Amino acid sequence: MPEHAAPLLRPPRHRVDPRARAWWRLQALLTLSGPMLLTALVLAVLSLLFFPGALPWLGPLLLAVLVLPALGYLAAMPRMRYAVHAWELGERAVYAAGGWFWQKRRIAPLSRVQTVDTVRGPLQRRYGLATVTVTTASTAGDIKIAGLSDADAEELSRRIGEVAQDVPGDAA
């Protein structure tokens with residue numbers, strides 16, 4: 001191994017709750033896949049009612065451009081996202097990995113933690129999930145750990161708060 005090679009960063013140890021896949025699937029259905037499928041259905045019905053001669057070429061076009069991508073996204077995104085999303089709280093830092101297409105890993109020193117928030121939106125409450133947001137004194141933004149069970153989110157928030165108080169701040 002070369003003398004100046006960067007060490008490999010292992011993935012965080014804790015996975016998000018498995019129910020997060022259903023939450024992400026519902027989000028996809030409401031925001032992207034659902035509108036695409038509804039658009040394809042409306043265009044097919046309008047074509048059938050007013051332009052029946054267009055259906056032989058419009059049907060395959062709608063299938064290729066709207067239906068198959070919508071169903072593919074609905075099937076693949078939650079699985080891919082679940083494989084990446086993870087978190088870990090160490091003695092001196094909080095570490096989170098997320099994303100599905102653009103994957104991101106962030107490590108924030110606990111000495112830089114300013115606030116810890118727990119958010120439960122209406123869809124998350126339906127699945128018993130929450131998002132923990134750790135705000136640090138960094139221009140890179142917050143660390144968000146989405147898809148935690150309510151109990152895990154409360155425990156993580158409590159532990160980050162306790163550990164952050166015990167970690168000495170940066171010397172000025």
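Going by accessible surface with a 1.4 Å probe and the largest first, 157, 138 read 138, 157. Annotation: peptides 17-25, 142-150, ranked by per-residue average of other Cβ atoms within 10 Å with the highest first, follow the order 142-150, 17-25. Ranked by the mean number of other Cβ atoms within 10 Å per residue, highest first, peptides 85-92, 63-70, 51-58 order as 85-92, 63-70, 51-58. Taking the helices alone, the chain has a mean residue ellipticity at 222 nm of -13500 deg cm²/dmol, built from -39,500 (n - 2.57) per DSSP H run of at least 4 residues and averaged over all its residues. In the list [x] 9, 28, 25, 17, 11, 6, 2, 0; [y] 10, 41, 35, 12, 2, 0; [z] 11, 45, 39, 5, the label attached to P(r) over Cα pairs in 10 Å bins from 0, in percent as derived from the coordinates here is [x]. 3J(HN,Hα) couplings calculated from phi for the stretch 20-30 with the Karplus curve 6.51 cos²θ - 1.76 cosθ + 1.60 (θ = phi - 60°) are, in sequence order, 4, 4, 5, 5, 5, 5, 5, 4, 4, 5, 7 Hz; Gly and Pro show x. For the chain, averaging the sequence separation of C-alpha pairs within contact (under 8 Å, six or more residues apart) and dividing by the residue count gives a relative contact order of 22 percent.
Tell me the angle of helix 68-84 to the major Cα principal axis of the chain, expressed in degrees between 0 and 90 and rounded to the nearest ten. Approximately 10 degrees, to the nearest ten.
Tally Lys/Arg at +1 and Asp/Glu at -1 over every other residue whose Cβ is under 11 Å from the Cβ of residue 96; what's the total?
Summing Lys/Arg as +1 and Asp/Glu as -1 gives +2.
For the chain, the longest principal axis of the alpha carbon atoms and the long axis of helix 34-50 meet at an angle near 10°. Element breakdown for the chain at a 1.4 angstrom probe: carbon and sulfur atoms account for 63% of the accessible area. Scanning residues 5 or more positions from residue 93 or on other chains, those with amide H under 5 Å from its amide H are 110, with H placed 1.01 Å from N in the peptide plane.
The values are calculated or read from the model by the stated rules, or taken from the named source; none is laboratory data. Here the structure is a predicted model, which is why all the values come from computation and not from measurement. Quick reminder, even Gly has a Cβ in these numbers, built from the backbone with ideal geometry, and neighbours come from all protein chains shown. Remember, those area values only see protein heavy atoms, side chains included, never the ligands or the DNA or RNA. Shrake-Rupley method; radii C 1.70, N 1.55, O 1.52, S 1.80 Å.
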